[in-house]
Structure formats: structure tokens, C-alpha cells
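Report on the following structure.
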Amino acid sequence: MYSTLVILHILAAVSWIGGMIFLSLVLAPLVRGRKAAPEFMAMFRSAALRFRPIVWIAMAILLMTGPMLLSHRGLSVMAPASWPGIVTVKLTLVALLLFLTLLHDLVFGPQVSRVSAIAESQRTTGERVIFKSARWLPRLSLLIALAVVVTAALLARS
């Protein structure tokens with residue numbers, strides 16, 4: 001049972017982070033390199049929307065298997081005072097990553113399509129903030145996700 005939980009946890013994390021790496025480091029620069037031609041922007045949006053259910057499924061798997069793996073170590077999600085420091089760091093990063101993902105998917109993401117259709121010179125200050133935030137938020141999320149992987153590796157060694 002423990003091995004199955006570990007495998008599911010790792011596969012969910014790899015699926016989520018691998019997709020983030022592809023979108024952020026491969027597809028986004030390709031779209032920007034084409035000066036955001038409409039067909040490339042549409043391809044990027046389509047890929048991102050297709051990836052979204054994978055992220056949500058991965059998050060669900062991680063949120064189910066994580067507490068079970070913690071309990072296997074004799075720890076409880078409900079007793080943070082008993083966590084070793086590395087667990088605290090990892091779960092703090094995970095909470096931040098989940099928050100940023102929700103912010104991106106539910107707040108900024110839906111507004112980007114609307115703002116993208118507006119000429120840059122015609123955008124309000126708020127629309128410019130939305131557009132810029134939608135560009136740096138996934139990169140920040142990727143950095144945090146990689147930090148989660150590092151803390152997970154350190155936790156596995158302890």
C-alpha cells in the first residue's frame with residue numbers, strides 16, 4: 001500500500017510539474033517569439049486549457065496521498081506542531097503553490113483572453129496588471145513547484 005501511495009504521489013507531481021515546465025519553458029517562449037500571432041496565442045490557450053484538468057486531477061491525487069504518506073511517518077496533517085522542519089517547509093510551499101494555481105486558474109486566467117483582445121495602448125492599468133500577472137504567475141508557480149520537489153527529496157532522505 002505504501003509503495004502504491006508513493007508512486008501515485010510522484011506520478012501526480014511529475015505530471016503537474018512536467019506540464020508546467022513544458023508550458024513555461026517551451027511553449028510560452030515559442031508564442032512570444034512569434035510576436036503573439038493570433039494562431040499561436042490560440043494554440044497556447046488551447047494547450048493550457050487542455051492541461052488544466054490534468055493539474056486539478058494531480059492536485060486531488062496529491063492532496064489525498066500526501067496526508068496518507070505523512071501518517072505513514074507517524075505524523076498528522078492536523079498536528080503541525082509535531083512536524084519536522086522540512087515537512088513544515090514542504091507543506092507551506094505546497095499551500096502557496098495551490099493558492100497561486102487557484103489564483104491563476106480562477107482569477108487571472110479567465111480574464112487574460114478578454115484583455116488579450118484589447119489593443120495594448122487601449123488597456124486600463126488594471127488590465128495591464130492582469131496581463132503581466134498572468135505572465136509571471138506561472139513562472140513563480142514553477143519555481144515554487146521545483147522547491148517542493150527539492151524539499152520532497154530532502155524529506156525522503158530523512
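The values are calculated or read from the model by the stated rules, or taken from the named source; none is laboratory data. This one's a predicted model, so the numbers in the text were calculated from it and none came from an experiment. All Cβ positions, glycine included, derive from the backbone under ideal geometry; neighbour counts span all protein chains shown.
Residue 120 falls short of the stated requirement of being out of contact with any Asp or Glu (no Cβ under 8 Å at 6 or more places or on another chain), surrounded by 14 or more Cβ atoms within 10 Å (Cβ to Cβ) and charged (D, E, K, R). Set side by side, the residues 28, 13, 60 differ, and just one is within 26 Å of residue 151 (Cβ to Cβ), in a helix (DSSP H, G or I) and either at pLDDT below 85 or touching a strand residue (DSSP E or B) at 6+ places or on another chain (Cβ under 9 Å) (or both), which is 28.
Please tell me if residue 137 is under 29 Å from residue 10 (Cα atoms), touching a His at 6+ places or on another chain (Cβ under 7 Å) and surrounded by 16 or more Cβ atoms within 10 Å (Cβ to Cβ). In short, yes. Residues that are of a type in the set (Val, Ile, Thr) and out of contact with any helix residue (DSSP H, G or I) (no Cβ under 7 Å at 6 or more places or on another chain) within segment 31-78 comprise just one, 57.
Hey, does segment 93-114 have a residue that's part of a helix (DSSP H, G or I), of a type in the set (Phe, Trp, Tyr) and in contact (Cβ under 8 Å) with a residue 12 or more places away in the chain? Among the residues of segment 93-114, at least one is part of a helix (DSSP H, G or I), of a type in the set (Phe, Trp, Tyr) and in contact (Cβ under 8 Å) with a residue 12 or more places away in the chain, which makes the answer yes. Only residues that are surrounded by 15 or more Cβ atoms within 10 Å (Cβ to Cβ) and either without any contact (Cβ under 8 Å) to a residue 12 or more places away in the chain or hydrophobic (A, V, I, L, M, F, W, C) (or both) were counted across segment 69-91, and they come to 8. When segment 29-68 is filtered for residues that are among the small types (Gly, Ala, Ser) and either touching a Pro at 6+ places or on another chain (Cβ under 8 Å) or surrounded by 15 or more Cβ atoms within 10 Å (Cβ to Cβ) (or both), the ones remaining, listed by number, are 47, 48, 58, 66.
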